[in-house]
Amino acid sequence: MTREELKEKANHLPLLPGVYLMMDRTGKVIYVGKAKKLKNRVSQYFQDSVAHSVKTRQMVSQIDHFDTIIVSSEFEALILENSLIKRHMPRYNILLKDDKGYPFVRLSNEPYPRFSMVSRLADDGARYFGPFGGRSETRQALDAVCAALRLPTCRRRFPRDIGADRPCLNYHMGRCDGFCRKELSQAEYVRRMELAVRLLEGKGRQLLAEMTAQMQSEAEQLHFEQAAILRDRIQAISALSKKQTVIAGICADTDIWGIAQGAGKGCYAILHVEDGQLTGRETGVFQAPADEDDPELLGALTAQYYLPRALLPHEILLPVETEDLEDLAGALTRRAGHKVWIHVPQRGEKAELRAMARRNAAEELERSTTGEERRNHTLELLGRMTGLPQPPDRLESFDISNTGGSDIVGSMVVYQGGKPLKSAYRRFRIQGVQEHPDDYASMQEVLSRRLERAAQGDPKFLPLPDLFLIDGGAGHARAVQEVTEKLGVDVPIFGMVKDDRHRTRGLITPEGRELDLAAQQPVFALIGQIQEETHRFAITYHHQSHQRRNLHSELDDIPGIGPKRREELRRRFGTLKAIRAAELSELEQVLPRPAALAVYRHYHPDDAGEGRDAPAQE
């Protein structure tokens, strides 16, 4: 991909937490990073490189493409970034460092081991976790784990400070069990630290299961105090685990599928989990016929994806049931040499992972779908709903606006390719309806004039549309149909009906058959937009017409003000209110002095002088 293509792709990323993987031309991962908001972070790499370090510029120059994995929280992104770095060992994660370096979590090798953050590995017998992407997030993760297990985070050293002073504030706040007291043993401290290690390694689910069994055992032995302590600890770890779906060791060698459909195509996302950790994401875009549902698509996709493969997972999680699910599971089991279990998770953490895969598929589909593709898909749906032989390209919509029996106007709005074509908009002043409003007659006059101009070859009214959309119900559509039949024009006609709250509800034929738009959201949105635009255009013209008529009638009474000067006043001041409030000097900028004085005295008959701003007479 070119730099501009990379920049464009980055700008379409969501403002969601996640992990991104930068890859070179060979597909090798050269950098793994995490972000609170993927769009903001990734797009920075492809902006002006002047502010980048030498190593960052070198890395960016080798990026051919990148991928992202969306997660639910920053904590998930932190742990996922660690697992991906360990899996891919990207050279720029090792070599490229900021001033503070990428932090590792170090567990010291001593009788009372302690967690700390360091910038690099050392051969000192300690255990290391990482590297992680940021010091602040790493500290938050450590604090959360220590708080869940009530481990010390203060500066005291053990066994040196045991019993030397009173417990610190963390003990009194319930954040630490006070291992500086003589009552707690070294063995309990070490055991608690091992629980913390298991949490950092993503084994929270296994840990919770063991602790729950231990709590039940203590309760059965009537050790209620110890059972209560375990209960509180389980609750604390459960709250922590909810923030880290991707590290809860719930899957082993598992693929989780998500699927999304959009404008004429679809996208699948597969989250790969190995040894209880999310190790990567794979996506693919495919053509999605509108008449096929998710089970049909998924059945075809999974068979095409897995049957040619030699290495297969033990478990495949799908978003919906497919018709040939059992057959596919049997075929894959025979090919793999081990049981391949395919099922649809309904609840719990596996269902959360399924939802995560769905979000990834939807985001990838959104990025890969252009506005033109979405509009074309909407027009295809509209053509199918209205029974047209092919998707409509040009749509014309009509509305009438009036005040009583005066200033009746009509509007014609044109949409071409799903977008407004404002150069083709037209306005009509109704001439055949004067004494009282008649929407049907007014609409017939507008359509008659429009079609007659087209028959005369007027390019402003050509070509004819694929569909006429009339603001109103079946009666309005029938009125227009009478005109088209009389003039021999064969264009489908549909009224745009609204509900009790004046919102677009559906389309209706002249015969009264209504098409419900609720089932097709893209079409519903398009028709609603067209109806509102047509109404806006009609109302705007009506207000202008009404204003000009009022302006014309009042100025008619002023001597020396003819059509040309009325138009000059209208252009300069816009409204009668502004003309009334104008000073004589302002009127003289538009009219000769006698005419300006006549206008001023018309609106200020009590002013004895020649105007409030006129010079005093000596």
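Numbers for the structure displayed
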read-out: Extended-chain gain in nm, criterion 0.36 nm per residue less alpha-carbon gap, Val320 and Lys486; value: 54.4 nm
read-out: GluC sites (Glu not before Pro) within the stretch 306-384: DSSP coil, no more than 16 neighbouring Cβ in 10 Å; value: Glu321, Glu323
read-out: Cα radius of gyration and Dmax for the stretch 1-62 (Å); value: 11.3, 29
read-out: Positive minus negative residues near Asn360 (Lys, Arg vs Asp, Glu; Cβ under 12 Å); value: 0
read-out: Over the stretch 330-427, equivalent-ellipsoid semi-axes from the Cα gyration tensor in Å; value: 52, 17, 13
read-out: Kirkwood Rh and Cα Rg combined as Rg/Rh, the stretch 344-499; value: 1.17
read-out: Rg followed by Dmax, in Å, when the stretch 155-195 is reduced to its Cα trace; value: 10.0, 27
read-out: Compactness of the stretch 407-488 as Cα Rg over 2.2 N^0.38 Å, two decimals; value: 1.09
read-out: Solvent accessible area, Å² - Lys39, 1.4 Å probe, full protein context; value: 70 Å²
read-out: Surface accessible to a 1.4 Å probe, His602 within the full protein complex, Å²; value: 80 Å²
read-out: Glu110/Ser217 FRET efficiency (R0 30 Å; Cβ-Cβ; nearest 0.05); value: 0.40
read-out: Accessible-area ranking of Arg565, Arg175, largest first, probe 1.4 Å; value: Arg175, Arg565
read-out: Listed residue pairs exceeding 31 Å between alpha carbons, taken from Lys9/Lys339; Lys7/Lys28; Lys265/Lys419; Lys9/Lys460; value: Lys9/Lys339; Lys9/Lys460
read-out: Contour excess over end-to-end distance, with Cα ends at Asp143 and Ala519 and 0.36 nm allotted per residue; value: 130.5 nm
read-out: Calculated FRET efficiency for the pair Glu4/Gln58, C-beta based, R₀ 25 Å, to 0.05; value: 0.80
read-out: For the stretch 160-220, convex hull of alpha carbons as volume per residue, Å³; value: 117 Å³
read-out: HN-Hα J in Hz across the stretch 10-27 - Karplus 6.51, -1.76, 1.60, θ = phi - 60°, x for Gly and Pro; value: 5, 5, 9, 6, x, 8, 10, x, x, 10, 10, 10, 8, 10, 8, 5, 7, x
read-out: List Cys176, Cys154, ordered by accessible area with a 1.4 Å probe, largest first; value: Cys154, Cys176
read-out: Within the stretch 324-405, trypsin sites (Lys or Arg not before Pro) in DSSP loop having at most 11 other beta-carbon neighbours inside 10 Å; value: Lys339, Arg347
read-out: Solvent-accessible surface ranking, highest first, for Thr26, Thr254 at 1.4 angstrom; value: Thr26, Thr254
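The values are calculated or read from the model by the stated rules, or taken from the named source; none is laboratory data. Fair warning: this is a prediction, and the values are worked out from it, not measured in the lab. Positions of Cβ are generated from backbone atoms using ideal geometry, with glycine treated the same way; all protein chains shown enter the neighbour counts. Remember, those area values only see protein heavy atoms, side chains included, never the ligands or the DNA or RNA. Shrake-Rupley method; radii C 1.70, N 1.55, O 1.52, S 1.80 Å.
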